[in-house]
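First the structure, in the form of structure tokens, and then the observations on it.
The values are calculated or read from the model by the stated rules, or taken from the named source; none is laboratory data. This one's a predicted model, so the numbers in the text were calculated from it and none came from an experiment. All Cβ positions, glycine included, derive from the backbone under ideal geometry; neighbour counts span all protein chains shown. Accessible surface areas use protein heavy atoms only, side chains included; no ligands, DNA or RNA. Shrake-Rupley method; radii C 1.70, N 1.55, O 1.52, S 1.80 Å.
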Amino acid sequence: MIRLAAIGVMLLSLALLLFIVFRKKLGLAWLSLFGTHLILASLAIYIVNFSGWITEVYLPLNPATIGAVMILGLPGVLMLLGLRLTLF
């Protein structure tokens, strides 16, 4: 019963989100921009992890790190590196 309610809430929120996106004529440009930022953020973290520039530093690929890099860009990578070197 709870699972059915959760699926119903998800479907309703998806329908409302699609209604808002197409009502305001945002189109799909924001989705391609979001996807581009997501891919570039993941690529930046991957380059840091496997390039060998900084040894013994590993930044995990999780939603928090990718989100920080998506929002902050290259300074986000530097912030994560600084936090990793300082705290751990």
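What's the extension gain from Ala5 to Ser42 if we count 0.36 nm per residue and subtract their Cα-Cα distance?
Extra length available between Ala5 and Ser42 comes to 9.9 nm.
Among 79-88, 6-15, how do they line up by average Cβ neighbours within 10 Å per residue, starting with the highest? Display every interim value, and only then the final one.
Values: 79-88: 12.0, 6-15: 10.0.
Ranked by mean Cβ neighbours within 10 Å, highest first: 79-88, 6-15.
How far apart, in nm, are the 7 Å Cα→Cβ label points at Leu81 and Ser51?
Computed distance between label sites Leu81 and Ser51 equals 0.6 nm.
Counting only heavy atoms of the protein chains, get the accessible area per residue of the chain (1.4 Å probe) and round it to a whole Å² value.
Spelled out: the 1.4 Å probe surface of the chain, per residue, equals 81 Å².
Output the direction-averaged projected area (hull surface divided by four) of the convex hull of the alpha-carbon atoms of region 36-82, in nm².
On the way: hull surface 11.4 nm².
Mean projected area for region 36-82: 2.8 nm², to one decimal.
What is the percent carbon and sulfur in the accessible area of the chain, measuring with a 1.4 Å probe over the protein chains and ignoring ligands?
Numbers: 5510 of 7090 Å².
Carbon plus sulfur share of accessible area: 78 percent.
Find, to one decimal place in angstroms, the Kirkwood hydrodynamic radius of the chain, where the mean of 1/r is taken over every pair of different Cα atoms and then inverted.
Working: mean 1/r = 0.0643 Å⁻¹.
Computed over the chain, the radius equals 15.6 Å.
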